[in-house]
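Just so it is clear, none of the values below were taken in a lab; they were calculated from the coordinates. As the structure is a prediction and not an experimental result, all values here were calculated from the model. Reconstructed Cβ throughout: ideal geometry from the backbone, glycine too, with neighbour counts over all protein chains shown.
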Amino acid sequence: MSYTTNFSIELEELAAHADKRLLVQQTESGLRLFGYTNALQPLFLEVIQLEEVADAIDTALADWIADKKDWLSQWQRVDFIYQAPQAVLIPVALYGNDNGKEWLDCQFGDLFKGTTLTDLHADAAHYTVFRLSSAVYSKLAGAHPNSTHRHQLTCWMQQLNQLQHPETGIVYLLIDQHLVYVAIHHGEWKFFQQFEYQSPDDVSYLILSLLQQAELSPETTPVIWSGWMDTSSALYLDLYKYLGKLSLAVLPDRLQLNERQLQGMQPHFFTSLIQAAVCVS
């Protein structure tokens, strides 16, 4: 088997899927699935690990889709959210239909490789332009006739735009494996970006540097985080050492996950899935 189901739990009994929706988050090493009703009631969660042997991810993904083809077709709609590391945030004033790939190539190289997708943000002021493996995109795009495709940065920004932000400044973090998403609001949005990191020091240095540039204090500025970071991890402990007001993001009441149902998983691990569901609904 080229993939493994690491975690799967039904939060409510799954009956007919025809009036329900499925969100599939593609990560660097697998897939995370979130089934929910049109009223955003969580139904089930699943984490799939794809085989990471060189050149095997595409095969593992194809195997998973083939095995799940009938099951996927039962859902009303399937929304795919990508964590593609080759992504840039572009103001509308600077974006043109012909220069999306050029923005990616300037930052990442690999001229004209892969499939380029573009999200228009809800504020109509920004685009996220991102690049995927063409093989990955073609497999997922063909998995369901009624599907959408967005980058996680787009969904995260849309969700953050619905929050009230203190005028004194605030930082938002989304942590996921080797990716960190950072946003700073101080009167207005000052910064949005995603970064790949290798060590806890990388993330701490980045946050402290951004706070300094924004003239915000690490001791007094709220830093709200969510994602795949345990409070006993080296990354959390390093951030806690430098940030005086580090706290966990709170999900809306109607989307709370019962920790007793999650078989040892932490509810905040799935916050990005919940946020994405709010974005695509």
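If you only keep lysine pairs separated by 8 or more in sequence, or across chains, how many in the chain come under 21 Å at the Cα atoms?
Working: LYS20/LYS68; LYS20/LYS69; LYS68/LYS139; LYS69/LYS139; LYS101/LYS113; LYS113/LYS139; LYS190/LYS245.
Counting lysine pairs in the chain gives 7.
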* Separation of segment 222-253 and segment 92-131 by C-alpha centroid, Å? -> 31 Å
* Structure fact -> For segment 163-249, the Cα gyration tensor yields equivalent-ellipsoid semi-axes (√(5λ), largest first, whole Å) of 19, 13, 12
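Round to the nearest 0.05 the FRET efficiency obtained for ASP110 and ASP67 when R0 = 25 Å and r is the Cβ-Cβ distance.
So the FRET efficiency works out to roughly 0.20.
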* Given springs between every Cα pair under 10 Å in a Gaussian network model of the chain, which of GLN261, GLN49, GLN76 has the largest fluctuation? -> GLN261
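Restricting to bridges with both residues inside the chain, how much of the DSSP beta-bridge set is antiparallel, in percent to the nearest 5? Write out the running numbers ahead of the final one.
Working: 46 of 66 bridges.
If we restrict to bridges inside the chain, about 70 percent are antiparallel.
Grab the DSSP H runs of the chain that are 4 residues or longer, score each as -39,500 (n - 2.57), total them, divide by all residues and round the 222 nm result to the nearest 500 deg cm²/dmol. Spell out each step's value before the answer.
Values: 7 runs with 76 residues, N = 281.
Helices in the chain give a 222 nm mean residue ellipticity of -8000 deg cm²/dmol.
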* In Å and whole numbers, how far do the C-alpha atoms of segment 87-146 stretch along each principal axis, longest first? -> 34, 28, 16
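Let me check I've understood the local charge: for VAL24, count other residues with C-beta under 13 angstrom from its C-beta, Lys and Arg +1, Asp and Glu -1. What total comes out? Walk me through the numbers on the way to the answer.
Details: positive: ARG21, ARG32, LYS68, ARG77, LYS139, ARG150; negative: GLU46, ASP79.
Value of the local net charge: +4.
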* **No Cys partner within the rule (Cβ under 4.7 Å), the chain** => CYS106
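Before anything else, pin down the relative contact order of segment 3-82: Cα pairs under 8 Å, at least 6 apart, normalised by residue count, whole percent. Numbers along the way, then the final one.
Numbers: 144 pairs, mean separation 32.1, N = 80.
Reported as a whole number, the value is 40 percent.
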